Every structure is written in structure tokens, then in C-alpha cells.
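J.: If you scroll down you'll find the structure; I have some questions about it.
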Amino acid sequence: MPEFTLWDIVHNLLLAARWTVLLSILAFVLGSIVGLALLLVRTAGNRWAVRFVRGYVELFQGTPLLMQLFIVFFGLPLLGLDVSPWIAATFGLTLFTSAFLTEIWRGCVESVAKGQWEASTALGMNFTQQMLYVILPQALRIAVPPTVGFSVQVVKGTAVTSIIGFVELTKAGTMITNATYAPFTVYGCVAVLYFLICYPLSLYARHLEGKFRHVTR
Amino acid sequence: MSLVELHAIHKSFGALQVLKGIDLKIDEGQVIALIGKSGSGKSTLLRTINGLETIDDGTIMVAGKKVGDHDTDLLQLRLNVGMVFQQFNLFPHYTALENVMLSPQVVKKQSKGEARKIAEEMLAKVGLSDKMMHYPDQLSGGQQQRVAIARALAMKPRVLLCDEVTSALDPELVNEVLAVVRQLAEEGMTLVMVTHEMRFAREVCDSLVFMHQGRIHESGNPEHVFASPKTPELASFVGGLAG
């Protein structure tokens, strides 16, 4: 039986961690785009659009991420679409992220005073102009800390994709454990790596929160 | 032809009927004060004039043209009718100058230079040339309200609506805002204001409109209306103020 040094373990985990980071970034960026689109649709105020977005958010907030990934991974092939774990993981996490972000941002938009809408309406602005120049710049300041905070959830969410066979940090940990029979060491290293990714994000979110608390403009 | 004509305006919030058939004509250069108890519908009436509240029934004509509920009609209406609010509603993320410049640039597509020239002119008019680069939270309530007036004026409206523009101000700041409104009235600006400043209304306005339970109860020249109210409701409203 071959001997594994700690460096062998960490080295291989680091290689896999690249995919965790990449998947997190992809899910976050794509989820932001979808989430922003949903936010605009919802804020523009068509009654059916509002219901649709509310249902969408409820669906993803009310089911475990694991189930969502299973449904994407096993459901899409039923529709005749052949999906790799990569695509299924990205797609599933994007939907998950978009639902949470659109809900976080909705709260931020709604916290902008009603008088801001009225004043910009009275000045002749249409919905797009109001959003662009008046509402979103103010909502954005409020939204940055919780958004960065939520990115931590996305990173941790990527661990679940190991179940559908996507080789990221957690899956690599399982595979290395199977070869080394040293689960405690391996998963300990896995946990440390997640922490090293997430902790700076948490710190940054807290920093932003303190920074924006005192600033009204 | 009047500048703004309201005919048989009805408005309800749910089961509550707020406006029960309002007819009102606003002539070019006229200064009108809407008075009445809270809940009489005066603020709602003011907000229907620029389409902030939709109406359930009736017609609004601006400069002889009927205002429909199409977006372009509403935009045209709002270009003609400016508004100043009780709570100022300045955009907190822009300086005073940027607040005034924004809408001319975005809505009227004026160049930055053009918008800036008008904005500086309007801020000078309200006496705030030295505060142009200040953000709203660096200004007093009275100064903020004057910026809000300059912001509305920069769109060159033909009518300016003032919704209790001094009600949110500390007493010592009321006069600087009233002075600006008075100056506008003297320059011939058409004004419709909801106000509790009776003495000011009496001095500045051509016409006083007393609202009671969703209707125009009495209206006319302020001196007459105050001196000899025709209805007991107005008499008690005026008496209540004096007492």
C-alpha cells in the first residue's frame, strides 16, 4: 500500500478547490444576472410577474439544495437533454442563487423610501430611468453587505454538488479518503480549505456593513 | 381657456370615497390654496393633478388637452405640472446641483452644460448658490425644501403643486421656504398649494378653495372667504384656527 504524505493530500485537495472556486464564481455571477432580471420583472409590477417570481423564490427557499440538484441532474435527461455534472451543478446552483439574491435585493429596493419613487415620477421619469438613477443606486448600497454575506452560502452550497458526481473539494476529499483511509485528516483539510475561502468573504461583508451603516449617500 | 381644468373628479381608496366630484379651473398665473381639515381630500386632489393618483372618474385637461391614462399623456402632464412634497424627497446620493440637473438631462435629454446652466440659475433663485455641492444630509430642512423647489422649476413646469411644503419644517425654517414661494407667485408662476399657513394663503393667493368631505365646499377670494364664510363648516374651520 502506497504511503500518502500530508502534502499529497493537501496538494490534491488544492487542485480540486479550484473547481469549487470556479463553480462558486459561475453560480454567483449567473445567479446575480438571473436574480437581477427577476427583481426588475417583479418591481415593474405586473401582477402575474409578481406571482411568478414569488412562487419561484418560495420553491427554491422551501426545498433542499440537494433535491434541486437531483431534479436538475436526473430530470433534464428525461427531457432528452444530456447533462454533465458540470452543467447540472452550474445550472442548479444558478437557480438557487438567483432565488435568494432576488429576494435579498427585493428587500433592499423596498427599503428605499416611497417618496423617492414619487419625486422621480413627478419629475417625469419612467420606470427604467427611476430604477437606473434613483432607486438602484440607493438600493445597491444597502444590498452590498448581505449580498457578499450570501456568497458564503453559495461556496458552501457547492459541496452538495459532490453528490451528483461533480469533482470539487468535497468529492475530492471523499475520493482521497477512499485511497488513504485517513478520513479525519482529509476532511479536516477539506474543512480548513472551505474556511480559508469563506472567512475572508465573511470578514469583507462585516467590513462593508460597518462602512455603509454610517453613510447615507 | 384655463391652464388646468378638472371636471367631475372621483376617487376612492377601497370603500372610502375621497373625492366626490371635484370641478376646478386653474388659470395661468393664478395662485390657489387648498385648505380644509385632514382627511378632506385636499392632498389627494393635488396628487391627481399630476397623475400621482389615478382617478376613477372625471376628466383632467391641461392646456386644452385631455389627459388620458397612456404613458405619453402622463409624461406630457408631468412636464407641465411640477410638484414639491412635504418631505422634500431629495435624492440623497446626489448633490444639490445633481438633484436639480438629473431630470432635465434624463427626461428632457438636455446636454450636461445646458442642464447645469439651468440648475445653477434655479439654485440661485432659491438662494442656494453657495450650497450646490452639498449633499441633502448636509443641508437644513429649509434648504432641502428650497433645493426641491429648484429641482421642480428646472423642468420649466407651467404649474407648480406644493403639498404642505412647510409642514415638516422646524418653525424657524418655515419663512425661508415661504419667501421663495411668495417670490414665485409674484413672478407670475401658477401655483396650487395645500397649506396650513392661513396667513400666508390670505396674503399670497388669488383664490382659496375650502374642501370638506371630498367636495369643494366653498371657494373664492381669500379676503371674502375668511371674512364672511358662507357655510358653518368653513366658519368653524376658520374659527378653529383663530381660536
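The values are calculated or read from the model by the stated rules, or taken from the named source; none is laboratory data. Quantities reported herein were computed from a predicted structural model and do not represent experimental measurements. Here Cβ is always computed from backbone atoms with ideal geometry, including for glycine, and neighbour counts include all displayed protein chains. Note: accessible area is taken over every heavy atom of the protein model, side chains too, but ligands, DNA and RNA are not part of it. Shrake-Rupley method; radii C 1.70, N 1.55, O 1.52, S 1.80 Å.
J.: What is the distance, in nm, between label points placed 7 Å from the Cα along the Cα-to-Cβ direction at A:Thr63 and at B:Ser2?
T.: Label at A:Thr63, label at B:Ser2, 5.9 nm between them.
J.: Explain nothing, just the number: relative contact order of the stretch B:83-141, from Cα pairs under 8 Å at least 6 residues apart, as a whole percent.
T.: Result for the stretch B:83-141 is 45 percent.
J.: What percent antiparallel are the DSSP beta bridges of the protein assembly as shown, to the nearest 5?
T.: Beta bridges within the protein assembly as shown, antiparallel portion: roughly 55 percent.
J.: May I ask you to give the solvent-accessible area per residue for chain B, in square angstrom, as obtained with a 1.4 angstrom probe?
T.: Per-residue value: 44 Å².
J.: May I pose another question? Taking each residue in B:98-105, count the Cβ atoms of any other chain within 10 Å of its Cβ, then average. What number comes out?
T.: What the average comes to for B:98-105 is 3.
J.: Can I ask one more? Could I have the simple spin-label model distance between A:Phe4 and B:Lys20, label points 7 Å from Cα toward Cβ, reported in nm to one decimal?
T.: In this crude spin-label approximation the distance works out to 8.4 nm.
J.: Is the protein assembly as shown rounded, prolate or oblate when judged by the Cα gyration tensor, a ≥ b ≥ c being the square roots of its eigenvalues, rounded requiring a/c under 1.5 and prolate requiring a/b larger than b/c?
T.: prolate
J.: I would also like to ask the following. Per DSSP H run of n ≥ 4, the term is -39500 (n - 2.57); total these for chain A, divide by its residue number, and report the mean residue ellipticity at 222 nm rounded to 500 deg cm²/dmol.
T.: When only DSSP H runs of four or more count, the value is -27000 deg cm²/dmol.
J.: Take the alpha carbon atoms of chain B, find their radius of gyration, then divide it by 2.2 N^0.38 Å using N residues; give the quotient.
T.: With N residues counted in chain B, Rg over 2.2 N^0.38 Å equals 1.01.
J.: Still on this structure: Express the carbon and sulfur contribution to the solvent-accessible surface of the stretch A:83-214 as a percent, rounded to the nearest whole number, probe 1.4 angstrom.
T.: 69 percent
J.: Looking only at other chains, what is the average number of their beta-carbon atoms within 10 angstrom of each beta-carbon in A:131-138?
T.: Mean partner shielding for this stretch: 3.
J.: May I pose another question? Roughly how large is the A-B contact in terms of buried accessible area, totalled over both chains, probe 1.4 Å, nearest 100 Å²?
T.: 1900 Å²
J.: Want the number for A:His207 to A:Leu81: 0.36 nm per residue separation, take away the alpha-carbon distance, what's left?
T.: 41.0 nm
J.: Hey, what's the stretch A:8-213 come to in accessible area per residue, 1.4 Å probe, Å²?
T.: 50 Å²
J.: Any chance you could look up the accessible area of A:His11 with a 1.4 Å probe, heavy atoms only, rounded to 10 Å²?
T.: 80 Å²
J.: Would you be so kind as to list the residues of the stretch A:92-122 that have their accessible area lowered by at least 20 Å² in the full protein complex compared with their chain by itself (1.4 Å probe)?
T.: Output list: A:Gly115, A:Gln116, A:Glu118, A:Ala119, A:Thr121, A:Ala122.
J.: Add -39500 (n - 2.57) for each DSSP H run of 4 or more in chain B, then divide by its residues: what number comes out at 222 nm, to the nearest 500 deg cm²/dmol?
T.: Computed ellipticity for chain B at 222 nm equals -12000 deg cm²/dmol.
J.: Heavy atoms only, probe 1.4 Å: what % of the accessible area of the stretch B:4-242 goes to carbon and sulfur, would you let me know?
T.: Using a 1.4 Å probe with all protein chains present, the stretch B:4-242 comes out at 48 percent carbon and sulfur.
J.: Using r as the Cβ-Cβ distance of B:Glu172 and B:Thr72, and R0 as 45 Å, what FRET efficiency do you calculate, to the nearest 0.05?
T.: With a Förster radius of 45 Å, E is 0.55.
J.: Sticking with this one: Going by the alpha-carbon gyration tensor, a ≥ b ≥ c the square roots of its eigenvalues, is chain A rounded (a/c under 1.5) or, if a/c is not under 1.5, prolate (a/b greater than b/c) versus oblate?
T.: In terms of gyration-tensor shape, oblate.
J.: Give me the distance between the Cα centres of the stretch A:85-162 and the stretch B:169-243, rounded to whole Å.
T.: Cα centres, the stretch A:85-162 to the stretch B:169-243: 46 Å.
J.: Sketch the reach of a paramagnetic label on A:Arg51 as a point 7 Å from Cα along Cα-to-Cβ, and name the residues of the stretch A:98-129 whose backbone nitrogen lies under 16 Å away.
T.: none
J.: Among the listed pairs B:Lys42/B:Lys65; A:Lys211/B:Lys125; B:Lys25/B:Lys108; B:Lys20/B:Lys156; A:Lys114/A:Lys156, give every one whose C-alpha distance is greater than 26 Å.
T.: Cα-Cα > 26 Å for A:Lys211/B:Lys125; B:Lys25/B:Lys108; B:Lys20/B:Lys156; A:Lys114/A:Lys156; rest within.
J.: For the stretch B:59-115, what Kirkwood radius comes out of the mean inverse Cα-Cα distance, in Å?
T.: It works out to 13.3 Å.
J.: Where the centroid of each part is defined by its Cα atoms, how far is the stretch B:1-75 from the stretch A:176-214 in Å?
T.: 60 Å
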